[in-house]
Structure formats: C-alpha cells, structure tokens
Amino acid sequence: MTGESGRELILGRVRRALRDVPASEQPADHPVPRDYAEKHGERSHDATVGLLAENLADYRALVHRTDAPGLPALLARLFLERGARRVAVPAGLPVGWLAGAPAELLVDSPDLTADELDSVDSVVTGCALAIAETGTVVLDAGPDQGSRRLTLVPDHHICVVRTGDQVVDSVPQAVRRLSPARPLTWISGPSATSDIELERVEGVHGPRTLEVVLVTGDPREL
Amino acid sequence: MTGTYLGMPSFPRAAESSTRDGRLRANLRRATRTIRAKRDRAVAELDDWERLRAAGAAVKDRTLRHLDHYLVQLEESVARAGGTVHWAADAAEANRIVTGLVLATGEREVVKVKSMATQETGLNGALAAAGIRAYETDLAELIVQLGDDLPSHILVPAIHRNRSEIRDIFRSRMADWGLPAPEGLTDAPADLAEAARLHLREKFLRAKVAVSGANFAVAETGTLVVVESEGNGRMCLTLPETLISVVGIEKVVPTWRDLEIFLQLLPRSSTAERMNPYTSMWTGTTDDDGPRAFHLVLLDNGRTDTLADAIGRRALRCIRCSACLNVCPVYERAGGHAYGSPYPGPIGAVLTPQLRGLASPLEESLPFASTLCGACFEACPVAIDIPEILVHLRERVVEGGPVTVRGTRTVIKPAKRHGAERAVMRAAGWAFDHPRALRRGQRLLARTRGLHPRRLPGPGRAWSDTRDLPDVPPESFRDWWARTRGGTGRTGGTS
C-alpha cells in the first residue's frame, strides 16, 4: 500500500467516524474557554526575577547574579572553579564575555563533530527568554545560543539571562513571545530522571550541571 | 515475559497471579504513593487548574470533531517546513514505512526516544526482522529492553522493577548491547543513571537515524513537541541526520497557542514537576541545526474506530501523562502487565478495547478492570470521564451493539461469558416491575437466611470468587417501613 492510499483511507475513516458532527459546524464553532490565568499572582518585576531564581534552584540549577560589567569576571571564576579549559561558544556570543577567561574557545560551526563537542568542558550561551513560574530557560538557536547540540553534548552549561527584558512570568507569556519557526529547547534544571522508583535523580544524558547567570543591565555591548 | 503482548490472558487471570507478587506490589505501592503526593502539590500551585483542564479538554474535543481538517493542515505545514508526511492505517503499515525509511539511509542501527506509538506497533521487532538494531535510550525503556521485559507504566515503563533488580539487569545484560556496566555498580539511583549515561553515550554520538514519537503536533505551524527529562530525547532529535517520528493522529492540536495549556497540564500531571527538564520543539528541518531529513508517520491503528464512538472518542483526548495509573487502586495492586497492552491502568482499560476492538477475552475483560471509584476522572488533566466510558464499554460487551472495526461499521453479539449476568439482570428487572412478587421473594430470602451459602453455585460461582455475598437482613426495608413507618411512632403509639 502506498502512502497516498493510506492517506485517503485514513481521512475517509475519519470523515465517516464523524457523521454525528453537523456538516455545517466549523472548527471554531466548538468553543474553547480561555479563562485560565495569563499568569499566577501579582508581583513586581524584581519579585518575578526572584521567583525565577528560586524555581531554578529548586530543580538544582546553580544560580548567580551580577551586573553587566561584572559578567566577564563571574564567568572567568566559574570556569576556574570547574577547571574548564576548553569552552564551546556560539558564533554570536559577545566577545567581551569571555575576555578574562583562561580557556581555549571552540566556536560553534556546522563542521564541528559530536565527538569534538564531547571533548569540551563547558558551553556558554545566552537565551531567548526565561519563565519565572516554572524555572525554565528557553533557547531558540539565536546567534548568542548556537545550534541545539552545542548546549547538549558538553557536561556543563552556563546560560546567561538578561533580567531586564528576558524574564517573563508564565508559560502563556513565553509561548506568545517565541517563534515556532525556530528550533526551541526549553530547559528546566539539569537533565534528570524519575525512572528508578519514581525518585528524581539529576544528571543523565544532557548537561549534568546547569548554571544560570541573571544579569542586570545590558551585557550585549561587552 | 517474552517481549510481546500477543496471547495475553484476560485481566482477571493475569491479575490473579500479579496481585500475589509481594515484591511487585511493594514496588508499585512505594512508587505510586511518592508520585501522588508530589502531583497534589504541583497541581495545587495553580489556582486555575480546573479552568486549564476545561480548556485542554475543549481543545482536544475541537480537534477530534474536525480531525480531517487538522490532519490535512498539519500535513501542509510539515511539508512547507521541509518535512515529509506518511500515513499508516495500521501497525504493519507504520512498521513497513519506518523500516523502508531506515533501510534507504543505508544504516542498520537506530536510536529511539521513548514512544508509546512504536510500542503499540511493535516497531522494534519489525526492525529486527529487517536486520536493524533499535536502541531504546530512555532509562526505563533501556531497563525493559535489557531485561527482555514489557513496559508496565506509560511514563515509567520499568516501575515494576526496584533498584536492586535494575542493578542486576545492568550487570548481566549491558555487555550484550554495548558498553558493559561499570565494575562494582551499586544500586544507588545516581549510580544506575550514570551507568546508563556511559552505556548510551557512544550510541548517541555515532547515531545517524533516530525514531521518536511526539507529545503534540501543531497543525497551524507543523511544529512537533517532545517532552522529556533525561536529555536522551534531545540527543535523538538533534544529533542524527535522519529523524522519523511516529505519531498517533490524535496528537494534533490546532494552534501554537494551544501549547500554553498543555505545557502547564502535562508536566504537573505526569512527573509532578512545574516543568520537565527538557522540551524540544521543531518545525520541519533547519539548516545546519539538527537532522537534514525529517519524516512524520501519522498512525491510525484503531484510532478512527475509536473516533466513531461518540462516547468512546473522549479517550482520544489522552495526553499520556499517566496520572490515572498513579491514583488507581486496581492498577496499584494488579500492576501494568495485567492490562496486556502498552496502555495500562484506567486509560488502558478504555483505550485498548477500542483501539484493538473487543477482539479477545482480554479486551472484553478490560472494561471490568475497575471499581468505578472515579479517582482517574478527577486526576485526568483533560477531564476524560473514564468511568463513564468503562460503563459504556461494559454495556457493549454484555449487550453487544454497533462498533467500527477497521473503518467498517458492524454489530457485535453479546459476549458469551456474560449470559448469566444478563439472565440475572433480566430477572431483577422483572421483579422490580412486579412489587408483589418482589415482596414474596424478599420474605422467602429472609426466612431462609441460615441456609444461604457463602459462595454461589453454578454460573454465579465466578462472581462470588472475588466477592462476599451480601448478608440478607431478617426483615426487608418495605416490611420494616410498613411495621414502623420509619420509627415516627405513628403505628407504635408511644408518644
């Protein structure tokens, strides 16, 4: 059987199965109530950033705060603590971020093999946005984030979030701001599993250490 | 366990042995109680939970009532974004399509993300028959695959195994599939997770073809969504050159915005988290990022037959969270294997008989694998009234009636084993229509109380195998009322 006949067979079955649906009914005629909350609770922006930090930490992400001028020194310290010598970066990461870092940089490109990525100690990226209520950072493969595998293969991911314009309260707010045309990765803490007796264990295939840096001011000019 | 669901016994027969397995019951009790308490906390954080549930149910109902429209729209969107859409009317066709796509790449190995749809079609067996090795990469699926076992839970397929059993499986079987388990492996969950990481890493890095399912497929944009925890999903979805996703036709949602509902409902209901660690969303293919070829295989395999039943179709709202399993007293005691399909628990009891049809004593027995307590309905994030569907399917089993089998409407006969039940119900119906006969019968029963057996003879025996016969009171309510008028004293003359 070819795909085409499978298609007609299935669509024919669907239409026969729905004989009870009036022919005049349009999809939008079946009501969807959208009276659920756009966000949960009223907070100042500072409190929203605080909630993000709290929820990130609750799922074992390590959270740091700095202002934009302090970012390079903070990153240098994190690499030093980790003992990271080879660091992967997306092509569009502001050059100043790693100015003080005593590490060899590997810039994301389509030619990088998975094995090469596997040999780096850490990866540093920006993000598209972060969601306070769920403790989530979302990557959309923008220039300061790189391809999806860049943040997947290395064992240590540092993600920089601009608190001024990248933190939203809720999932509905995030969905509104994101574009489905870009590949998206939503990250809530380091990789984890609950597969053994439904107990949560952090650290399986994705980065086992996730550090999130909350930056005030605009670090894009660094 | 032999790695197949074929020829499984009916639910009561399977449960008779599984309920006597003390270790299985202890494993399940521990795991389901842990997750129940966590889920309650995660759900309580959202004060609009009931409104989210209603919205989720309504989106799914809208989709199902116009499924042809949304499937065609999804096909167009995926094709526009660079993907190829295939349609599979049944399991065999899905397996044939996937096998052909893998063979065409020249590869003989695939990595797999946990997928209910490919469990349902038995894809791994079909690939093996074509000389293709499929590596399961979800930790629990890996445990099941290494143990030559069957999944027993939607979210945590190896929930029936405790940590020391898992360690033993890793020690004895990992070497047959690749990197052996580390020396001196303990049964600490963190050590077991580390062993899985090491075992699978080289497979991820060299994989050229991946097979996945999807949690959602957005008709409007062609976006596919996979929700996971470990990062094995991200590995499979981004490192290989070819990605093949097998997705049930009921997984389509109309709009991008609809995800804001389901991404709140699903993680809190399944792993009881505010958000699961990783969610991947992709739309077709992207230059220099992820697979160069993307194939979407849309699977029917009984879904349109389920759709044809206006009550039964509500089961197709299911987003496979497994909350209903975790709250079910029957699942907790009988375990997942007794349900004889990849879909155990309350949702399996309504899905399996509809997807496969009432084809054997197993499917006929599943609608009865419930106490109708309603905990599943309360926990369901898309408000599927599972007890209502169970009762509807029980009627179909006992009374027969119209069903759709592979697209053709037909009328099934009443199931054989329920003849005695039908006779009793008919007799009861007659007695309730004839009050004098009922009164005489009740008095006769009351007078012969001392002679009643503890178990019924003849055809009623199976019923009383698992139930105590009710005690007959010395006096029927009607006689007591006639004598006392409910104790108001109107005939007693005491006040």
_Residue under question is residue A:25, and the condition is that it be closer than 30 Å to residue B:313 by Cα and of a type outside the set (Phe, Trp, Tyr); does it hold?_
yes
*Could you tell me which of the residues B:305, B:309 is in a loop (DSSP other than H, G, I, E, B) and closer than 23 Å to residue A:7 by Cα?*
B:309
_So, residue A:51, is that one among the hydrophobic types (A, V, I, L, M, F, W, C) and farther than 17 Å from residue A:220 by Cα or not?_
yes
*Among the candidates B:220, B:228, which residue alone is under 27 Å from the mean Cα position of the chain (by Cα), under 26 Å from residue B:317 (Cα atoms), more than 7 Å from chain A (Cβ to nearest Cβ) and of a type in the set (D, E, K, R)?*
B:228
*Are any residues in region B:60-74 basic (Lys, Arg) and either more than 8 Å from every other protein chain (Cβ to nearest Cβ) or not in a helix (DSSP H, G or I) (or both), and if so, which ones?*
B:60
*Has region B:285-302 got at least one residue that is free of Cβ contacts under 8 Å to residues at least 60 places away in the same chain, in a helix (DSSP H, G or I) and among the acidic types (Asp, Glu)?*
no
*Regarding residue A:63, is this residue of a type in the set (Val, Ile, Thr) and without any contact (Cβ under 8 Å) to a residue 60 or more places away in the chain?*
no
*Of the residues that sit in region A:101-113 and are among the charged types (D, E, K, R) and either more than 11 Å from residue A:145 (Cα to Cα) or in a helix (DSSP H, G or I) (or both), which one is least open to solvent (accessible area, probe 1.4 Å)?*
A:104
*Taking the residues in region A:114-130 that are in contact (Cβ under 8 Å) with a residue 24 or more places away in the chain and part of a helix (DSSP H, G or I) as candidates, determine which candidate is nearest to the other protein chains (Cβ to nearest Cβ).*
A:114
_Any residue at all in region B:75-90 that's over 30 Å from residue B:162 (Cβ atoms), assigned to a loop (DSSP other than H, G, I, E, B) and at the interface with chain A (Cβ under 7 Å from one of its Cβ atoms)?_
yes
_One residue from B:268, B:292, B:274 being assigned by TED's automatic domain parsing to the domain that holds residue B:86, at pLDDT 95 or above and open to solvent by less than 10 Å² (accessible area, probe 1.4 Å)_ = B:268
*Elements of type helices (runs of 4 or more DSSP H) contained in region B:381-489, each with 1 or more residues being β-branched (Val, Ile, Thr)*: B:386-399, B:419-433, B:477-484
_region A:10-23 residues that are more than 7 Å from chain B (Cβ to nearest Cβ), paired with ones that are surrounded by fewer than 16 Cβ atoms within 10 Å (Cβ to Cβ) and not hydrophobic (A, V, I, L, M, F, W, C) (beta carbon under 6 Å, 6 or more apart)_ = none
_Looking at region B:182-203 only, could you name the residues that are open to solvent by less than 20 Å² (accessible area, probe 1.4 Å) and either closer than 18 Å to residue B:127 by Cβ or outside any helix (DSSP H, G or I) (or both)?_
B:185, B:200, B:203
_Cβ-Cβ under 7 Å pairs, at least 6 apart or on other chains, region B:87-110 side more than 21 Å from residue A:8 (Cβ to Cβ), far side of a type in the set (Lys, Arg) and surrounded by fewer than 23 Cβ atoms within 10 Å (Cβ to Cβ)_ = B:105/B:208; B:107/B:208; B:108/B:133; B:109/B:133
*Quickly run through region B:388-413 and pick out the residues that are surrounded by fewer than 16 Cβ atoms within 10 Å (Cβ to Cβ) and under 27 Å from residue B:464 (Cβ atoms).*
B:391, B:395, B:399, B:400, B:413
*Candidate set from region B:240-258 (those that are over 23 Å from residue B:313 (Cα atoms) and crowded, with 24+ Cβ neighbours inside 10 Å); member that is nearest to the other protein chains (Cβ to nearest Cβ)*: B:240
*asked:* Tell me yes or no: at least one residue of region A:148-160 is more than 7 Å from chain B (Cβ to nearest Cβ), farther than 28 Å from residue A:34 by Cβ and open to solvent by 20 Å² or more (accessible area, probe 1.4 Å).
replied: yes
*Could you tell me which residue of region A:191-222 is modelled with the highest pLDDT, considering only residues that are within 12 Å of residue B:229 (Cβ to Cβ) and more than 7 Å from chain B (Cβ to nearest Cβ)?*
A:202
*Condition met for residue B:352 (at pLDDT below 95, under 16 Å from the mean Cα position of the chain (by Cα) and either over 25 Å from residue B:78 (Cβ atoms) or aliphatic (A, V, I, L, M) (or both))*: no
*Can you spot a residue in region A:31-38 that is under 27 Å from residue B:403 (Cβ atoms), more than 8 Å from chain B (Cβ to nearest Cβ) and in a loop (DSSP other than H, G, I, E, B)?*
no
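The values are calculated or read from the model by the stated rules, or taken from the named source; none is laboratory data. Bear in mind the structure is a predicted one, so any value in this text is a computation, not a measurement. All Cβ positions, even for glycine, are placed from backbone atoms using ideal geometry, and neighbour counts span all protein chains on display. Side chains are part of the model used for accessible areas, which takes the heavy atoms of the whole protein and leaves out ligands, DNA and RNA. Shrake-Rupley method; radii C 1.70, N 1.55, O 1.52, S 1.80 Å.
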